[in-house]
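Peer 1: Quick one: the structure is below, and I'll ask about it shortly.
The values are calculated or read from the model by the stated rules, or taken from the named source; none is laboratory data. None of the values given here were measured: they were computed from a predicted structure. So basically every Cβ, Gly included, is an ideal-geometry build from the backbone, and we count neighbours across all protein chains shown. Keep in mind that these areas ignore ligands, DNA and RNA; they rest on the heavy atoms of the full protein, side chains included. Shrake-Rupley method; radii C 1.70, N 1.55, O 1.52, S 1.80 Å.
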Amino acid sequence: MLFQMVVAIGADRRGGGDYIPRDVVWTTQSRNSSESMPCGGHDIGMNVWVEKDDAEGQRVACSDVLFYVQQSGWFDENNTLLKAGRWRLHVDGDPFGGNDFRQRLCLDDGAIYISGGGVEVRLWVDVFQPVVFVAIKSQHKEKVTFSYESWRYRGRPVTMAECQQCSYKWVLPKDCMTFADSIQADDDHLMFSHRNRAETVFDFTVSREHLDAIKDSLYNPIGGLSMKGMMYAPDFHFEGTTTGKYADNDFRAWNYSCNDLRSSCIIIDLRYLRHQLYEEKVVEGCGTVAPYTFPSLKASDSYKRSARWWHDFWQRSWIESDTPNDSLQAMIRNYELMRYMLGCNAYGQWPTKFNGGLFTFDPVYVDSTMAFTPDYRKWGGGTMTAQNQRLVYWPLLKSGDYDMMDAQIGTYYRMLPNAIARTRHYWEHGGASFTEQIENFGLPNPAEYGKHPEGTDPGVERNAWLEYEWDTALEFALMDLLVGTKYSYLSEEILRFFFEHYQWQARKLGAKALDEQGHLIIYPGSGCETYKMAYNPSSTIAALRAVIETLRLKNEKASVLDSAANHSSILDFQSLIPDIPLRVIDGDTCIAPAVTWARIQNEETPQLYPVWPWRIYGLGRPNLQTARNTYLKDPHAVKMRSTKGWKQDNIWAACLGLTDEARRLNLEKLANGPYRFSAFFDPGFDWAPDHNRGGAGMIGLQEMLLQEASDGELLLFPAWPREWNCRFRLHTLDGRTVEASIENGNIVPISVE
């Protein structure tokens with residue numbers, strides 16, 4: 001047999017050996033794309049499924065292999081995140097329709113194996129370059145048809161009903177179009193591409209936000225962007241096109257066939273993603289668009305080196321338990337599957353999106369009223385909701401997946417010049433102002449930006465939820481400092497904005513820049529999207545304290561290592577940070593959302609942000625009881641408690657050592673989702689599969705197992721039920737690798753590296 005079809009099980013490291021994650025195995029076909037398996041690598045995600053009968057029922061006895069391919073960075077003129085297309089593999093005789101059907105995701109090598117009726121298919125993505133391989137082997141000669149299906153074979157008007165897929169949202173122009181791709185077939189290969197026009201939603205945004213005067217100096221990643229893929233099908237020959245319909249969307253298929261196939265490997269190459277305006281390479285390893293050359297790497301070599309990477313990936317960190325508890329096992333299993341999906345974008349230029357990542361499927365299977373194309377997702381493609389997006393990347397620190405963080409932090413780095421330029425243009429002071437709903441070019445989403453009557457501040461979003469919310473950028477600044485990337489000055493520019501802007505704002509409103517204690521006056525501020533027109537919100541103050549203290553420690557370390565290291569002038573502002581506001585509830589001291597606020601707009605709990613992500617309060621830190629009082633007694637915190645979507649009560653419960661609460665909430669957070677693949681979580685507030693729910697669940701589980709006190713002391717199993725056996729390998733925020741176990745209530749530290 002070409003492929004070894006052995007189901008891996010978790011290895012027992014008490015006797016030594018590597019960690020081997022358990023496979024996902026299905027023995028029945030799927031109904032539609034919502035019952036797909038994820039597969040990917042580099043910056044590509046695939047949804048793979050075997051569907052019995054096609055959408056129109058024309059082939060009565062037929063089970064076809066179908067898969068979507070999505071590469072991070074395929075942003076069209078409207079900033080919709082496009083899929084590259086859908087592929088269909090049809091084998092005459094219906095070999096995948098029998099009782100011996102098997103579809104297996106092998107996490108240890110990152111590949112999907114499909115078998116039945118003497119035919120085997122293996123799909124994988126090369127981790128080191130964006131290339132998909134589809135290897136086929138049959139015991140007998142078979143007639144096989146391999147088709148590329150595109151719904152963008154024609155231009156499609158973007159309707160108001162589907163405006164959420166792009167950056168225009170509810171300010172959608174009347175003539176907004178998703179323009180047709182260019183698709184060219186040859187005898188054994190196919191080229192498909194989408195080149196953006198020079199004028200895009202970027203130009204609309206710049207004009208709407210009164211930035212035309214500096215437009216020529218602004219970074220524009222989507223104008224002229226060229227997206228291209230090539231499919232090479234040796235042993236196949238082009239037979240022509242057909243039309244069809246899938247999930248209520250018409251498509252055109254480019255069909256390639258082989259009448260007597262025994263063995264073949266098809267390549268789908270997405271190495272070419274090029275910015276025509278800047279004439280620069282934006283994916284490592286890409287060259288000129290023409291002449292085109294297919295990868296010289298053999299499929300067998302690609303498989304081996306990619307499988308080796310995935311195996312090593314699982315050795316970085318893991319969590320396992322032998323306790324026979326279905327809910328516990330589901331929680332740990334879905335943590336692992338979520339981490340796998342994040343690993344599929346390990347080397348992308350653009351981050352994994354919170355609203356589905358690279359694994360969205362036909363929207364009609366999320367909401368039956370949304371019969372839109374597979375490109376649809378709610379809350380945009382090139383738009384980043386920072387409050388949600390952060391939850392996708394925080395868990396990578398404790399899983400030790402530092403190399404995967406560059407896509408997110410690097411995006412802020414690329415957006416930084418625009419954030420600095422808009423700050424200088426609007427207010428004539430320094431720093432970088434990043435908003436909550438932000439485009440991949442660093443400006444506020446044009447719809448969320450709102451209408452600005454004459455006399456209003458053009459730098460502030462006129463939006464009841466988003467106005468004055470700047471501080472989510474500080475979380476990415478802290479990630480940057482903790483990971484130690486090459487972008488360390490990012491945090492300084494984000495901090496500079498707060499210190500300069502709120503002194504500027506105070507002088508505008510009154511006679512002095514600081515209050516009577518010599519502290520910043522953070523007003524108007526915002527406690528997340530919830531406490532609006534706030535005075536000194538606790539979430540912002542805690543953020544400033546945590547980031548500037550981490551920057552100070554980093555600079556001290558750099559000075560020890562390098563006597564010529566520069567001390568940041570930003571540190572001079574540390575004394576200007578106000579105290580975190582407190583209040584008394586039923587006789588107990590609690591963290592206040594702010595000193596005062598005008599209204600409550602959303603359902604977040606920013607008064608607990610000083611616990612996480614800022615870690616001012618918590619286990620092994622001062623004033624733990626104050627934070628616990630806030631969690632248990634603050635009426636808003638109690639009322640807003642939930643495990644839906646981006647809610648993070650599960651994290652706070654773990655950070656506060658509330659074991660019963662942490663158990664309940666994290667079991668709910670990482671319970672099986674409603675789709676066939678258990679880590680495809682429901683859309684929550686956003687879209688399916690909901691990655692910010694999965695990310696928040698990962699963080700909560702990590703915090704149950706491992707925390708650090710303020711002095712660096714390790715806290716093992718700080719919120720873990722003693723009756724659950726568990727063993728883990730995780731990483732601390734200061735870079736230590738910790739392995740420990742708990743068995744029958746006894747905690748055993750195994751190693752600290």
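Peer 1: How many angstrom lie between the Cα centre of segment 706-753 and the Cα centre of segment 88-146?
Peer 2: So the two Cα centres are separated by 41 Å.
Peer 1: Let me ask something else about it. Considering only protein heavy atoms and a 1.4 Å probe, what is the carbon-and-sulfur percentage of the accessible area of segment 671-741? Could the numbers behind the result be given before it?
Peer 2: Details: 790 of 1780 Å².
Ligands and nucleic acids excluded, carbon and sulfur reach 44 percent.
Peer 1: Report the local net charge at residue 730: Lys and Arg +1, Asp and Glu -1, summed over other residues whose C-beta lies under 14 Å from its C-beta.
Peer 2: Working: positive: 316, 339, 398, 727, 729, 736; negative: 320, 336, 401, 703, 708, 734, 739, 753.
For residues surrounding residue 730, the net value is -2.
Peer 1: Taking only the alpha-carbon atoms of segment 568-705, what semi-axes of the equivalent ellipsoid follow from 5 times the gyration tensor eigenvalues under a square root, in whole Å, largest first?
Peer 2: Values: eigenvalues 163, 60, 51 Å².
Semi-axes, largest first: 29, 17, 16 Å.
Peer 1: What distance in nm separates the two pseudo spin-label positions at residue 300 and residue 736, each 7 Å out from Cα along the beta-carbon direction?
Peer 2: Using points 7 Å along Cα→Cβ, the separation is 4.7 nm.
Peer 1: How much FRET efficiency would the formula 1/(1 + (r/R0)^6) give for residue 671 and residue 215, where r is the Cβ-Cβ distance and R0 is 41 Å, rounded to 0.05? Please report the intermediate quantities before stating the final value.
Peer 2: Numbers: r = 48 Å, r/R0 = 1.17.
Once rounded, the FRET efficiency stands at 0.30.
Peer 1: Any chance you could tell me what percent of the C-alpha pair distances in segment 426-555 go past 23 Å? Present the calculation step by step, with values, prior to reporting the outcome.
Peer 2: Details: 2717 of 8385 pairs.
Within segment 426-555, distances greater than 23 Å cover 32 percent of Cα pairs.
Peer 1: Here's another thing I want to ask about it. Counting only heavy atoms of protein chains, what accessible area per residue, in Å², does the chain have with a probe of 1.4 Å?
Peer 2: On the way: 26130 Å² over 753 residues.
Heavy-atom accessible area per residue stands at 35 Å².
Peer 1: Let me ask another. Dipole of segment 462-613 (Lys/Arg Cβ +1, Asp/Glu Cβ -1, origin at the Cα centre): which of 608, 468, 587 lies farthest to the positive side?
Peer 2: With unit charges placed on the Cβ atoms, the residue in question is 468.
Peer 1: Let me ask you something else. Taking just the alpha carbons, could you work out the radius of gyration and Dmax for the chain, both in angstroms?
Peer 2: When restricted to Cα atoms, the chain yields Rg and Dmax of 26.2, 87 Å.
Peer 1: Residues of segment 658-679 with amide nitrogen under 16 Å from the 7 Å Cα-to-Cβ point of residue 323?
Peer 2: The answer is 658-671, whose backbone nitrogens lie closer than 16 Å to the label point.
Peer 1: So, one more: Using 20 Å as the Cα-Cα cut-off, could you pick out the over-long pairs in 137/228; 353/554; 83/353; 378/644?
Peer 2: Numbers: 137/228 28 Å; 353/554 29 Å; 83/353 14 Å; 378/644 16 Å.
Violating the 20 Å Cα-Cα cut-off are 137/228; 353/554.
Peer 1: Efficiency by 1/(1 + (r/R0)^6): what FRET value for residue 516 and residue 715, r their Cβ-Cβ distance, R0 = 45 Å, to the nearest 0.05?
Peer 2: Working: r = 39 Å, r/R0 = 0.87.
In this case the efficiency is close to 0.70.
Peer 1: Just the ratio, please: alpha-carbon radius of gyration of segment 412-493 over 2.2 N^0.38 Å, N its number of residues.
Peer 2: 1.12
Peer 1: Using a 1.4 angstrom probe on heavy atoms only, work out the carbon and sulfur share of the accessible area of segment 433-556 in %. Mind dumping the intermediate values first?
Peer 2: Working: 1930 of 3940 Å².
Carbon-and-sulfur percentage of accessible area, whole number: 49.
Peer 1: Given a Förster distance of 45 Å, report the FRET efficiency between residue 25 and residue 632 from their Cβ-Cβ distance, rounded to the nearest 0.05.
Peer 2: Working: r = 43 Å, r/R0 = 0.96.
Calculated transfer efficiency: 0.55.
Peer 1: Pop a pseudo-label 7 angstrom from the Cα along the beta-carbon direction at both residue 660 and residue 723 and give the gap in nm to one decimal.
Peer 2: If labels sit at residue 660 and residue 723, their model points lie 1.3 nm apart.
Peer 1: What is the Cα centroid distance between segment 349-372 and segment 62-85, reported in whole angstrom?
Peer 2: Taking the Cα centre of segment 62-85 as reference, the centre of segment 349-372 is 10 Å away.
Peer 1: Between beta-carbons, use under 9 Å as the cut-off and find the net charge around residue 137, counting Lys and Arg +1, Asp and Glu -1. It would help to have the intermediate numbers written out before the result.
Peer 2: Details: positive: 122, 262; negative: 120.
Summing Lys and Arg as +1 and Asp and Glu as -1 gives +1.
Peer 1: Based on DSSP H runs of at least 4 residues, each adding -39500 (n - 2.57), what is the mean residue ellipticity at 222 nm of the chain after dividing by all its residues, to the nearest 500 deg cm²/dmol?
Peer 2: On the way: 15 runs with 186 residues, N = 753.
Mean residue ellipticity at 222 nm (helix-derived): -7500 deg cm²/dmol.
Peer 1: Moving on. How far apart, in nm, are two points set 7 Å out from the Cα along the Cα-to-Cβ line at residue 558 and at residue 584?
Peer 2: 4.5
Peer 1: Could you give the length gained by full extension between residue 462 and residue 600, i.e. 0.36 nm per residue of separation minus their alpha carbon distance, to one decimal place?
Peer 2: Working: separation 138, 0.36 × 138 = 49.68 nm, distance 1.63 nm.
Full extension from residue 462 to residue 600 adds 48.1 nm.
Peer 1: Order these peptides, 432-438, 641-647, by their mean beta-carbon neighbour count within 10 angstrom, highest first.
Peer 2: 432-438, 641-647
Peer 1: Given a 1.4 Å probe and every protein chain left where it sits, what share in percent of the accessible area of segment 111-215 is carbon and sulfur? Each step should come with its number before you reach the end.
Peer 2: Numbers: 1920 of 3890 Å².
Ligands and nucleic acids excluded, carbon and sulfur give 49 percent.
Peer 1: Now a separate question. How about residue 52: which lysines have a C-alpha closer than 16 Å to its C-alpha, ignoring those fewer than 8 places off in the same chain?
Peer 2: Hits, sequence-local ones excluded: 245.
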